[in-house]
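Undergrad: Attaching a single structure in structure tokens format; questions to follow.
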Amino acid sequence: MDISRSGEWAALEANHEAVAGKHLRELFAEDPGRAERMSLTAGDLYLDYSKHRATAETMELLLALAEKAGLRERIEAMFSGEHINVSEDRAVLHVALRMPADAKLVVDGQDVVADVHAVLDKMSDFSGRVRSGEWRGQTGQAIRTVVNIGIGGSDLGPAMAYEALRDYADAGITARFVSNIDPADIHGALKDLDPATTLVIVSSKTFTTLETLTNAKVARSWLVGALGEEAVAKHFVAVSTNAEKVAEFGIDTANMFGFWDWVGGRYSYDGAIGLSLMIAIGPERFREMLDGFHTIDEHFRTAPFEANMPVLMGLLGIWYTDFFDAQTRAVLPYSQRLHRFPAYLQQLTMESNGKSVQADGTPVTVPTGEIFWGEPGTNGQHAFYQLLHQGTRLVPADFLGFGEPLEDAEGMHDLLTANLLAQTSALAFGKTAEEIAAEGTAAEVVPHKVMPGNRPTSTLLAPRLTPSTLGQLVALYEHIVFVEGTIWGVDSFDQWGVELGKKMAMDLAPALTSEEPPAQAPDASTAALVRKYREMRG
Ligand code: F6P
């Protein structure tokens, strides 16, 4: 279907004509009930979307677009295990990773909920043994540090969540994360660790990923060098869907935690890929996080679209991307603990919806894929917010905040939140030339100080950063991606675009060290760069 040819799309274009010229000041003046009306709760999350350049009519038209795109049917198709990842002919069932044990979902003849809980129980048992010290390393000492080796979805999820929840790490076990093929990463992570008290988790869905396997080999040599070959069984475990490759690497598959091809890498940290997190915060906290995910899954599946948080936020993403030509979306957590959340969302959103063809292989007809980026507030305020306030680009932004701090001093948490609220207000309403002149500003300086406002934001508040609220936030963004992918008609669950570069790197690698001229450099520029690199490499 070409959604841009639908009557619903045309109606939105007409609405855009009417709304684009309006300032948020006017929208609020015309509609005093706007702040109350354009807000809603899902689980513990509260969303204020009144500071968006949208009227009640805009929202109605966006909801009609969602119906037209078949969003209702698509949600049901995902939750019931249809193969909606068409290019890989797979079900998409990350929602099953957090279904309660008494639920049942039979897909392709298999009760996936039972499978999920069998793995969760195995993870809980193992985590419990590591946390209590019952699981001992080669020299009989308990584990103090877990090193997760993985990349992309096998790194960003657990790394982000560990940073977010490290205040809950109550067993004295810390986690480190190694992902990059840059040797600095693994060396930096291992250099001050004692192999005797370190557990390495090799996390890779495919167990073929160059970065992960190379880093894992380096870690293995480091361990074997210190403690001997037989130490591997006590210091290495794996998380993967590929038992054969795990065994080939030399890890006993009894120490392997599995998942399934119906879990995409970027949707996987609430399953076995979260093992490092579970060891750090404990199985109970991990399960609280899963309950948080599930709360938002149920909300997404059952709430009417006009009161459905992921649906409304996804539709607003469409509104700015396709009607206002916005290129990017900032995610600004007012929580230092969420400092890896924007990076995590980059993979989730951009690997999912950075597509140029629809699910049937025909070209998309409208711009797709928001560029996600961000940093925690207030740091970002002193870096890039200048452009958000006075630049020429429209950057819709999501502001995230929490009612209660995990720790506080000198009223810092209230100051943090005051900054969040001040920023969204300044972005929306700005300050006019008249107001600035009235303050006695010299005429020639007035234009520099004008704050145009009319910059749209969502504000998301949760009572406290807990395992549950983190799960709710992640599920919210997973489903926002789903809503946008459905409107754009893309397959949000494949990632073919990453393959070519991987293959070319493997083809190029021998040329970097060979004495021979590079025989098959892919192009003249790359051939010249290979020569220059060789000169520099010495
Ligand atoms: O290169 C992209 C990617 O395939 C991601 O989708 C995935 O999360 C990551 O690589 C790691 O893959 P694996 O878990 O198989 O090592």
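The values are calculated or read from the model by the stated rules, or taken from the named source; none is laboratory data. Since this is a predicted model, take the numbers as computed values, not measurements. All Cβ positions, even for glycine, are placed from backbone atoms using ideal geometry, and neighbour counts span all protein chains on display. Just so you know, the surface numbers come from the protein's heavy atoms only, side chains and all, with ligands and any DNA or RNA stripped out. Shrake-Rupley method; radii C 1.70, N 1.55, O 1.52, S 1.80 Å.
Undergrad: So how far apart, in nm, are the two label points at residue 191 and residue 253 if each is 7 Å from Cα heading toward Cβ?
TA: 3.9 nm
Undergrad: For residue 236, which sequence-distant residues (separation of 5 or more, or a different chain) have an amide H within less than 5 Å of its own amide H, given hydrogens modelled in the peptide plane?
TA: It is 200, by chain and number.
Undergrad: Another question, if that's okay. Go ahead and collect, in residue order, the members of region 342-382 whose backbone nitrogen is under 13 Å from a label point 7 Å along the Cα-Cβ direction of residue 2.
TA: Zone members listed by number: 362-366.
Undergrad: If you don't mind, another one. What size of dipole, in debye to the nearest 20, comes out for region 19-175 about its Cα centre when the only charges are +1 on Lys and Arg C-beta atoms and -1 on Asp and Glu C-beta atoms? The partial results should precede the final answer.
TA: Working: 18 positive and 25 negative charges, 104 e Å.
Charge dipole, region 19-175, about its Cα centre: 500 debye, nearest 20.
Undergrad: Provide the gained length on full extension for the span residue 37 to residue 327, in nm with one decimal, where the gain is 0.36 nm per separating residue minus the Cα-Cα distance. Please list the in-between numbers first.
TA: Details: separation 290, 0.36 × 290 = 104.40 nm, distance 2.78 nm.
Answer, rounded to one decimal: 101.6 nm.
Undergrad: Ok, one more. Mind jotting down the three principal axis lengths of the chain based on Cα atoms? Whole angstrom, largest first.
TA: Extents along the principal axes, in whole Å: 75, 62, 57.
Undergrad: So, one more: Considering all projection directions equally, how large on average is the shadow of the alpha-carbon convex hull of region 409-469, in square nanometres? Numbers along the way, then the final one.
TA: Values: hull surface 25.0 nm².
For region 409-469, averaging the hull's shadow over all directions gives 6.3 nm².
Undergrad: Taking every Cα atom in region 94-205, find the radius of gyration and the maximum pairwise distance Dmax, and write them in Å.
TA: Using the Cα atoms of region 94-205, the pair Rg, Dmax is 16.3, 49 Å.
Undergrad: Sticking with this structure for a sec: So what J values fall out for region 287-292 if you push phi through Karplus, 6.51 cos²θ - 1.76 cosθ + 1.60 with θ = phi - 60°, rounded to Hz, Gly and Pro as x?
TA: Once θ is set to phi - 60°, the couplings for region 287-292 become 5, 4, 4, 4, 4, x Hz.
Undergrad: Quote the accessible area belonging to residue 179 in square angstrom, nearest 10, computed with a 1.4 Å probe and with ligands, DNA and RNA left uncounted.
TA: Rounded to the nearest 10, that gives 30 Å².
Undergrad: So, one more: Can you list the residues, at least 5 places off or on another chain, whose amide H is less than 5 Å from the amide H of residue 39, using H built in the peptide plane?
TA: Distant-sequence amide H within range of residue 39: 49.
Undergrad: A further question on this structure: Roughly how big is the chain's charge dipole about its Cα centre, with Cβ charges of +1 (Lys, Arg) and -1 (Asp, Glu), in debye to the nearest 20?
TA: On the way: 45 positive and 73 negative charges, 236 e Å.
It comes to approximately 1140 debye.
Undergrad: Report, to the nearest whole %, how much of the accessible area of the chain belongs to carbon and sulfur atoms, 1.4 Å probe, protein only. Can you show the working numbers first?
TA: Values: 12050 of 22660 Å².
Reported share for carbon and sulfur atoms: 53 percent.
Undergrad: Let me ask something else about it. How far apart, in nm, are the 7 Å Cα→Cβ label points at residue 496 and residue 433?
TA: 5.3 nm
Undergrad: Any chance you could list the semi-axes, whole Å, largest first, of the equivalent ellipsoid that the Cα gyration tensor gives for region 328-436, using √(5λ)? Walk me through the numbers before you get to the answer.
TA: Details: eigenvalues 191, 85, 18 Å².
Three semi-axes, in Å: 31, 21, 9.
Undergrad: Going by the alpha-carbon gyration tensor, a ≥ b ≥ c the square roots of its eigenvalues, is region 1-95 rounded (a/c under 1.5) or, if a/c is not under 1.5, prolate (a/b greater than b/c) versus oblate?
TA: Since a/c reaches 1.5 but b/c is at least a/b, the shape of region 1-95 is classed as oblate.
Undergrad: Which distance in Å, rounded to a whole number, links the C-alpha centroids of region 80-154 and region 320-383?
TA: Cα centres, region 80-154 to region 320-383: 27 Å.
Undergrad: Just order 28-41, 155-168 by mean Cβ neighbour count inside 10 Å, highest at the front, would you?
TA: Details: 28-41: 13.2, 155-168: 23.3.
My ranking of the peptides, most packed first, is 155-168, 28-41.
Undergrad: Find out how many positive minus negative residues lie around residue 198, taking Lys and Arg as positive, Asp and Glu as negative, among other residues whose Cβ is under 10 Å from that of residue 198. Write out the running numbers ahead of the final one.
TA: On the way: positive: 144, 176; negative: 194.
Residues near residue 198 contribute +1 overall.
Undergrad: Considering the Cα positions of region 259-394, please state its Rg to one decimal place and its Dmax as a whole number of Å.
TA: 17.5, 48
Undergrad: Around residue 317, with a cut-off of 12 angstrom between Cβ atoms, what is the net charge of the other residues, counting Lys and Arg +1 and Asp and Glu -1?
TA: On the way: positive: 329; negative: 322, 370, 398, 484.
Neighbourhood net charge equals -3.
Undergrad: Using a 7 Å offset from Cα along Cα-Cβ at residue 87, what residues in region 244-264 end up with backbone N under 15 Å from the label point?
TA: 264
Undergrad: Now a separate question. Quick one: in region 27-142, what % of C-alpha pairs are over 16 Å apart? Intermediate values should be presented prior to the final figure.
TA: Details: 5085 of 6670 pairs.
For region 27-142, the share of Cα pairs beyond 16 Å comes to 76 percent.
Undergrad: If each residue of separation counts as 0.36 nm, what is the full-extension length gain between residue 529 and residue 170 once their alpha-carbon separation is subtracted? Intermediate results must be reported in sequence, preceding the final value.
TA: Values: separation 359, 0.36 × 359 = 129.24 nm, distance 4.96 nm.
The span from residue 529 to residue 170 would gain 124.3 nm if fully extended.
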